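Engineer: Below is one structure. I have some questions about it.
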Amino acid sequence: MHSHFFPPITQAEAAALDASHAPWLRDDGAGRGMIMTGDKAFRPVYSALWDPARRIEEMDACGVDLQIMCATPVMFGYRYPVDKALPWAQRMNDYAVELCAHAPQRLKPLAQVPLQDLDAACGEASRAMKIGHIGVQIGNHLGDKDLDDDTLLAFLTHCAHEGIPLLVHPWDMMGGEQRMKKWMLPWLVAMPAETQLGILSLILSGAFERLPRSLKICFAHGGGSFAFLLGRVDNAWRERDIIREDCPNLPSSYVDRFTVDSAVFDSRALELLVDVMGEERVMLGSDYPYPLGEQQVGQLIRDSRFSAATHARLLGGNARAFFGL
């Protein structure tokens with residue numbers, strides 16, 4: 001339930017948003033390409049990102065029956081005015097539906113929305129659900145606004161009332177080029193931290209006390225650092241009144257309010273994650289088809305020492321329930 005796509009966006013389409021920075025796909029032939037941002041190369045990619053037939057072939061090879069795909073976060077467009085960002089999101093969401101139409105029983109899309117404008121974001125989330133999307137993917141922050149921001153909470157509340165499941169994906173990672181300029185450190189260090197920040201912003205602010213319990217919200221990448229550092233957070237809550245100021249209950253008591261995916265790449269980490277979150281709140285996620293994703297999708301869960309019933313939950317049952325499939 002956590003895989004990415006990047007449609008064949010032309011340079012001209014991207015220029016309508018921002019000729020200098022908007023993302024587009026340079027097709028280099030032979031199934032290879034490059035995500036470009038303006039004239040700058042951003043990431044080498046291959047055709048599974050935009051070719052549904054290739055995607056289905058690779059799903060078959062991994063024994064994956066159904067895959068939920070979402071935008072590559074560079075496509076979000078949160079920095080732009082809504083009069084440009086809304087048509088962009090609509091076009092990307094239409095692209096996603098077109099890609100999934102190749103095999104509609106096996107490919108399902110999550111929409112993107114112009115999160116910087118509440119009305120437009122709510123409207124596009126609702127529209128997307130009517131044209132074939134089964135949920136929405138959002139970034140874990142909007143500039144310096146975390147998920148506990150009033151506007152973002154209003155969007156989460158809209159999704160709860162409309163029955164729209166949400167996947168929160170880390171993006172625009174902290175640190176930048178000054179401190180994490182090599183070795184993909186933004187993806188290795190800042191991405192897990194961003195994910196934990198998103199979760200804790202909802203817990204420690206008291207936002208979960210105000211949000212409807214009907215909200216279905218999942219955090220990608222195993223919830224980042226959350227499970228491993230939860231003991232530290234609970235200890236801080238017990239010992240420091242500033243931590244308890246807006247959070248009336250022990251932070252670990254809120255794990256039943258959200259879900260995470262399984263993209264942690266280590267059997268011990270997966271065992272800890274399932275122990276912390278509960279087996280009903282972890283879903284198969286791979287980050288496919290990027291190099292930092294699980295290369296043999298589902299293998300980590302299949303090789304784990306869980307019971308057959310837990311395997312069934314993690315590999316499909318939880319996601320079917322979460323997305324209403």
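Each reported figure results from applying straightforward, stated rules to the coordinates on display, with no laboratory input. Here the structure is a predicted model, which means the values were calculated and not measured. Cβ atoms come from the backbone with ideal geometry, glycine included; neighbour counts cover every protein chain shown.
Engineer: Rounded to the nearest 0.05, what FRET efficiency do PHE42 and HIS102 give with R0 = 25 Å and r taken as the Cβ-Cβ distance? Could you check?
Structural biologist: The formula returns an efficiency of 0.45 here.
Engineer: What nm distance separates the two modelled labels at LEU325 and THR151, each placed 7 Å from Cα along Cα→Cβ?
Structural biologist: The modelled label-to-label distance comes out at 3.3 nm.
Engineer: Under 22 Å from the Cα of LYS181, which lysines turn up, not counting those fewer than eight places away in the same chain?
Structural biologist: Counting by Cα, and skipping residues close in sequence, LYS181 has these lysines nearby: LYS40.
Engineer: Report, in whole Å, the centroid distance computed from the Cα atoms of the range 144-181 and the range 16-85.
Structural biologist: 21
Engineer: OK, next. Between ASP18 and ARG305, what length in nm is gained on full extension when 0.36 nm per residue of separation is reduced by their alpha carbon distance?
Structural biologist: Between ASP18 and ARG305, full extension yields an extra 98.4 nm.
Engineer: When ranked by the protection proxy of mean other Cβ atoms within 10 Å per residue, highest first, what sequence do the peptides 208-214, 72-78, 110-116, 21-27 form?
Structural biologist: Highest-to-lowest ranking by the protection proxy: 110-116, 72-78, 21-27, 208-214.
Engineer: Could you work out the equivalent-ellipsoid semi-axes for the range 71-323, taking the square root of 5 times each eigenvalue of the Cα gyration tensor, largest first, in whole Å?
Structural biologist: Ellipsoid half-lengths, sorted descending, are 26, 23, 19 Å.
Engineer: With only Lys, Arg, Asp and Glu charged, each at its Cβ (+1 for the first two, -1 for the last two), find how big the charge dipole of the chain is about the Cα centre; round to the nearest 20 debye.
Structural biologist: 380
Engineer: Right, here's the next one. Run the numbers on the chain and let me know its relative contact order in percent, using alpha-carbon pairs under 8 Å that are six or more apart.
Structural biologist: That works out to 14 percent.
Engineer: Over 22 Å between Cα atoms: which of LYS130/LYS216; LYS84/LYS108; LYS145/LYS182 fall into that group?
Structural biologist: Check vs 22 Å cut-off fails for LYS84/LYS108; LYS145/LYS182.
Engineer: Run the paramagnetic zone check for ARG179: 7 angstrom along Cα to Cβ, then residues of the range 193-231 with backbone nitrogen under 13 Å.
Structural biologist: 193-194
Engineer: Of the residues ARG232, ARG91, ARG106, which exhibits the maximal mean-square fluctuation in a Gaussian network model of the chain defined by a 10 Å Cα contact cut-off?
Structural biologist: ARG232
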